Amino acid sequence: MSAAIEDGLARVVASAQVAEAVQHTGLAAPWVAARAVPGQFVQLRVSTGLSPLLRLPLSIAGVDAARGLIEVIYAVVGPKTALLGRMSVGTAVGCLGPLGHGFEVRASRPRAVLVGGGVGLAPLLYLGSSLRALGQPTVLLAGARTGRQHLPEFLLARAADRVLRSSDDGSVGHRGPVTDLLADELEGGCGVYACGPRAMLREVAARCRSRGAPCQVSVEEYMACGLGVCMGCAVAVRAPGPAPAHGRYQRACVEGPVFAADALDWEDHG
Amino acid sequence: MVDLAVRIAGVTFANPVLLASGTCNYGEELSALIDFARLGGLVTKTITLRPRAGNPPPRTVETAAGMLNSIGLQNPGIETFAVVHWPFLKPCQRASW
């Protein structure tokens, strides 16, 4: 996979706030668009100076391979996301990718259930549209703290035939965690894909395990290089993998960010 | 062409530019992005006799214009290194030992 990674200058083609403190940015990055699979990410260099020094890792939320475009959706929570969110159309941004091990995208089950919390929905939007293109019936369970933090309908609708929402404050959809919605959907041999906060992923993994549903999760970790060099983004696994992904810890940036839920050590993982 | 070769501890390097330990792992990951033929050498991450799992996360934190890390010398041990990683690095050798 490493031979397909390239570092180039992407250009901002569109950027808009789509929810409270959530930004949606389109980038012209044809080398990424041509090769990416759902679940992979890019590392964006949002500053040409020394601070912030490290790149910003963001999941790919959508791809238009014909036009060489990718989309990212991110919470504006720190200096890097603020810098990216303020970039005007035409701004160049260093873009390394596509990176990481993505979802296994197969239309083999009666139904795919996608479970996302907050901006963890980003990779699921790309995944959902890819599954639907394969003819896979798809349900999206979208959670957020409040209704104002929910992504707009036009972004969610393309990822699923049916969208169910939840919010912690009950202002949109079911009141409570998005995992509450999972029980009714785990029937008839579905496959589950999840991305969001650790507590949410752990709960999704536990529910899937108890019902025998295969589950893939995309984890978020503090990440430095994004290439597998620094070993910074360690994820605890239940059983050591084969070399080079040896040992108790695997790399979220290379062996992940997508893992089989049963492969992770959830007691150690947060 | 200027001869930039340097000799350190009995090893001759084509030039004095070496990737520092920790910045290149065992080389494989950067091979698509960097032309190793232009480097004097690379310093692998630490290799210990036996495998080391490394520290539990979090392992890195970004600082102003930098980062701190405490990986805990995660590595597969010398035997796995020799079998899995050395075949990639071996052809990169140009130094005369």
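Every residue in the stretch A:37-53 that is among the hydrophobic types (A, V, I, L, M, F, W, C) and over 15 Å from residue A:97 (Cα atoms), please.
A:50, A:53
Can you name the residue in the stretch B:64-97 that is more than 7 Å from every other protein chain (Cβ to nearest Cβ), within 30 Å of residue B:38 (Cβ to Cβ) and among the polar types (S, T, N, Q) and, of all such residues, is least open to solvent (accessible area, probe 1.4 Å)?
B:75
In the stretch B:1-14, how many are touching a strand residue (DSSP E or B) at 6+ places or on another chain (Cβ under 7 Å) and either in a loop (DSSP other than H, G, I, E, B) or crowded, with 17+ Cβ neighbours inside 10 Å (or both)?
Residues meeting the conditions: 2.
Just checking, how many residues over the stretch A:33-65 are away from chain B (no Cβ under 14 Å) and either free of Cβ contacts under 8 Å to residues at least 40 places away in the same chain or outside any strand (DSSP E or B) (or both)?
11
Which residues, taken from the stretch A:1-18, are open to solvent by 10 Å² or more (accessible area, probe 1.4 Å), assigned to a strand (DSSP E or B) and in contact (Cβ under 8 Å) with a residue 60 or more places away in the chain?
Matches in the stretch A:1-18: A:6, A:7, A:8, A:9, A:11, A:13, A:14, A:15, A:17, A:18.
Criterion first (at positive phi, in contact (Cβ under 8 Å) with a residue 12 or more places away in the chain, more than 12 Å from chain B (Cβ to nearest Cβ) and open to solvent by 40 Å² or more (accessible area, probe 1.4 Å)) does residue A:107 satisfy it?
Values: at positive phi: no; in contact (Cβ under 8 Å) with a residue 12 or more places away in the chain: yes; more than 12 Å from chain B (Cβ to nearest Cβ): yes; open to solvent by 40 Å² or more (accessible area, probe 1.4 Å): yes.
No, not satisfied.
Within the stretch A:19-30, restricting attention to residues that are more than 17 Å from the chain's Cα centre (by Cα) and either without any contact (Cβ under 8 Å) to a residue 40 or more places away in the chain or closer than 13 Å to residue A:93 by Cβ (or both), which residue is surrounded by the fewest Cβ atoms within 10 Å (Cβ to Cβ)?
A:30
Would you tally the residues in the stretch B:23-56 being in a loop (DSSP other than H, G, I, E, B), without any contact (Cβ under 8 Å) to a residue 40 or more places away in the chain and either within 14 Å of chain A (Cβ to nearest Cβ) or open to solvent by 60 Å² or more (accessible area, probe 1.4 Å) (or both)?
Residues in the stretch B:23-56 being in a loop (DSSP other than H, G, I, E, B), without any contact (Cβ under 8 Å) to a residue 40 or more places away in the chain and either within 14 Å of chain A (Cβ to nearest Cβ) or open to solvent by 60 Å² or more (accessible area, probe 1.4 Å) (or both): 19 in total.
The values are calculated or read from the model by the stated rules, or taken from the named source; none is laboratory data. Only a predicted model underlies this, so the values are computations on that prediction, with no experimental measurement involved. All Cβ positions, glycine included, derive from the backbone under ideal geometry; neighbour counts span all protein chains shown. Calculation scope for accessible area: heavy atoms of the full protein, side chains included, ligands and nucleic acids excluded. Shrake-Rupley method; radii C 1.70, N 1.55, O 1.52, S 1.80 Å.
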